[in-house]
Amino acid sequence: MKWEGNRESDNVEDRRGGGFGGRSIGIGTIVIALLGSYFFGVSPATIISLLSGDGSQMTQQESAQRPPADDPMARFVATVLADTEDTWDPIFRSQGATYIKPKLVLFTGQTPTACGTGDTASGPFYCPGDQKIYIDLAFYQTMRDRFRVSSDFAQAYVIAHEVGHHVQHISGITEKVEQVRRSGTQKQANAISVKLELQADCFAGVWAYHANQARSILEDGDVESALKAASAIGDDTLQKQSQGHVVPDSFTHGTSAQRVRWFQRGIQGGDLNSCNTFAARQL
């Protein structure tokens, strides 16, 4: 993937460093936070924030911290984020809408978010509550070690997928899905979650198509590496690895074949209309 020398986004927050959310926290503070959570039902992150002298979960100084200029992985992430901005902005404008740019937060271990505590073990995720994408860059090492995927474009696909969730949120799609989740059974909630995730894969493909048309970012083997990444994180593949069998009703992201198929749909023509997983007769 050709990315070096391209524009870097200013919408990156760097919370990496010591302690919860980037600040050092004493054991006494943690104990008080856990007790407060138990007795009063208040989030430990909220209590820690208050005891640290701040009414919000992150101080303005921390949230405004930029990644160091000599950090190549941070520069890569900022460049990919900028590329998604340069792709989705004209797509929204062509439909008479305004693209609201998400923030991308780099963290280590854990960090407070509007959706609760973000954890490295959860992998990269998007929080609609604060319109931020969260990623511990250690996830890319996991991709290399566990999934044998290491190309720049495969790593960019991860970010583009989360940006796809942001597109769904600001387009009103996520809210409609949440309504179904709240009113339906667990099986129905899982089924519509799969459609949401597969559409985000398709949106990632849409980004790749338009970014390549505008900036020629793709190199030989890039698409194959992204398809390999999509296949490696299918529900069926992960369940087989972890428990030896699959439970289709519990799928929330889609099978490996489905994830590959919907990413391909997006990247083949860059057409948003081709990403309507909710109307598809077959996923």
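The values are calculated or read from the model by the stated rules, or taken from the named source; none is laboratory data. It should be emphasised that the depicted structure is a prediction, and the values quoted were computed from it without experimental measurement. Glycine also receives a Cβ, built like all others from the backbone with ideal geometry; neighbour counts cover every protein chain displayed.
Here ASP130 clears all of (1) among the charged types (D, E, K, R); (2) without any contact (Cβ under 8 Å) to a residue 40 or more places away in the chain; (3) not in a loop (DSSP other than H, G, I, E, B) except the condition numbered (3).
Within the range 244-256, residues that are among the hydroxyl-bearing types (Ser, Thr, Tyr) have Cβ atoms under 8 Å from residues that are at pLDDT below 75 in these pairs: THR255/ASP236; SER256/ILE233; SER256/ASP236, counting only partners at least 6 apart in sequence or on another chain. Selection of the range 133-154 for residues being farther than 19 Å from GLU13 by Cβ and in a helix (DSSP H, G or I) yields GLN141, THR142, MET143, ARG144, ASP145, ARG146, ASP152, PHE153, ALA154. Of everything in the range 151-167 that is in contact with a Ser or Thr (Cβ under 8 Å, 6 or more places away or on another chain) and closer than 18 Å to ILE217 by Cβ, the residue that is modelled with the lowest pLDDT is SER151.
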